[in-house]
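Structure first, then comments.
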Amino acid sequence: MNTVTIQSLKDYVDQEVQLNGWVYHLRSVGKIWFLILRDGTGLVQCVVVNNEVSPDVFQLEHQLTQESSVTVTGIPRLEPRAVGGVELGVRDITIHHIAEEYPITPKEHGTAFLMDHRHLWIRSKLQHAILKVRHQVIKASRDFFDQNGFTLVDSPIFTANAVEGTTNLFKVDYFDQNAYLTQSGQLYQEAAAMAFGKTYCFGPTFRAEKSKTRRHLTEFWMIEPEMAYCDLEENMDWAERYVEYVVQWCLEHCQQELQTLERDTTKLEKVQRPFPRITYHEAADILRRKGADFEVGSDFGGTDETLISEEFDRPVMVHRWPADIKAFYMKRDPQNSELALGVDMLAPEGYGEIIGGGQREEDFDILIKRIRDHDLPVKPFQWYLDLRKYGSVPHSGFGLGIERTVAWICGTKHIRETIPFPRTIYRIEP
Ligand code: 4AD
Ligand code: MG
């Protein structure tokens, strides 16, 4: 007999099969009872009829509880009214474990309670769908770069230097010296791009974000491509091609999940190239026109990002930023030295910045001056400065935050539901 998954049940209509899973729900109507089984690939209604099973199996209805683990033997049959179009006529049930009273019931629970039970909450329908989409976003990201000639080169997690400012560094004891958890793999990708041409890294990054917002985690995953012989314009070409690919991939491969999440997919269907490109100052004009409380020269806050993105039906790329509010490594605009050749991509529908990147400074003397201007110690950057001594070239790259991207694609308001086990200022468990 075949042991199969719920997802593949349709291929076994009228053949006896076994399903391994957990009890999602139980429902009784006298001489028939229903067991809704979940196995990680889907849900199926298993129908238990009095005279079709042994009396021992029939009375299991009174023993089984939500989340008990069972093997169900039965015959799948087409049932247009059932989810997935199939139900299972039960022949036998084997119990592996009777679950104690399960804390997450169909009634409403508060977010704090659910987050405390995150290890169980991921079994629930919506959370399960979000994490399935996350899987596809990551797969599509890897596929996109692999198919376009990029080499995966992993950046380290322990680093001696800061990348994205010193205010949100996580310091760790590293034997007898200080080390930090990486904020971004970028600097190592710059070294890698000089060795391989086009590279990317994908891994967790860390920031001691003290702000408690819907968009910030202290541990988040970033995918970071870097390209040698690439300027800001070409960098934006890559960013829009990549984001279009990921969104279109999810539309095709996450239909069921997006439906479960009640996502308005017509909004995602519009995510097609070209994406609008506006300068920081053009974005600031939008804010002024809309009467936002915004000071030109400062960074955009969450509300500002929403106001800007509302103007467009697809992601918008904001480029040429005041150099003062951007990182030390950004190249200045040859037309205006007050501007940095950085680019942020803002997702539509108020999901905020999903990409940060830009063209890097390739000149040794300018770069060392910038490091000093930013009050950063030069010594841990010696290796990075070397890249400007041995065949330096124009190069660019960007980083996309996986969780914010998943939140946008799923239409999930809070980023903490887009990572299996979120880490925030107040949460390091479970
Ligand atoms: O804009 P950021 O800080 O850019 C960098 O780190 C560059 N060094 C990347 C590069 O050029 N290789 O971060 C990039 C993206 C943001 O746009 C956002 O999507 C995400 O990382 N991000 C966060 N996501 C969740 N929680 C946080 N605390 C985040 N901080 C940044
Ligand atoms: Mg940024």
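Just checking, does the stretch 76-84 include any residue being surrounded by 19 or more Cβ atoms within 10 Å (Cβ to Cβ) and of a type outside the set (A, V, I, L, M)? Yes - at least one qualifying residue is present in the stretch 76-84.
Does residue 161 fit the bill of being within 15 Å of ligand 1 (Cβ to nearest atom) and out of contact with any helix residue (DSSP H, G or I) (no Cβ under 6 Å at 6 or more places or on another chain)?
Working: within 15 Å of ligand 1 (Cβ to nearest atom): yes; out of contact with any helix residue (DSSP H, G or I) (no Cβ under 6 Å at 6 or more places or on another chain): no.
Considered against the rule, which asks whether it is within 15 Å of ligand 1 (Cβ to nearest atom) and out of contact with any helix residue (DSSP H, G or I) (no Cβ under 6 Å at 6 or more places or on another chain), residue 161 comes out as no.
Restricting the stretch 92-119 to residues that are open to solvent by 30 Å² or more (accessible area, probe 1.4 Å) and of a type in the set (A, V, I, L, M, F, W, C) leaves a set whose member that is farthest from residue 26 (Cα to Cα) is 112.
Taking the criterion of being open to solvent by less than 30 Å² (accessible area, probe 1.4 Å) and in contact with a helix residue (DSSP H, G or I) (Cβ under 9 Å, 6 or more places away or on another chain), the residues of the stretch 9-35 that qualify are 9, 17, 19, 21, 33, 35. Restricting the stretch 376-411 to residues that are buried (at least 23 other Cβ atoms within 10 Å of the Cβ) and closer than 18 Å to residue 124 by Cβ, which is nearest to ligand 2 (Cβ to nearest atom)? Per the stated criteria, the residue is 407. Does residue 143 qualify as being in the same structural domain as residue 268 (by TED's automatic domain parsing), of a type in the set (Asp, Glu) and touching a residue at least 12 places away in the same chain (Cβ under 8 Å)? So residue 143 fits the description; yes.
In the stretch 158-185, of all residues being hydrophobic (A, V, I, L, M, F, W, C), part of a loop (DSSP other than H, G, I, E, B) and surrounded by 15 or more Cβ atoms within 10 Å (Cβ to Cβ), the one that is farthest from ligand 2 (Cβ to nearest atom) corresponds to 160. Among residues of the stretch 327-349 being among the charged types (D, E, K, R) and crowded, with 21+ Cβ neighbours inside 10 Å, the one that is farthest from residue 284 (Cα to Cα) is 331.
The values are calculated or read from the model by the stated rules, or taken from the named source; none is laboratory data. If you're wondering where the values come from, they're calculated on a predicted model, not measured in any experiment. Backbone-built Cβ (ideal geometry, glycine too); neighbour counts: all protein chains shown. What goes into the accessible areas is simple: the full protein's heavy atoms, side chains included, and nothing from ligands, DNA or RNA. Shrake-Rupley method; radii C 1.70, N 1.55, O 1.52, S 1.80 Å.
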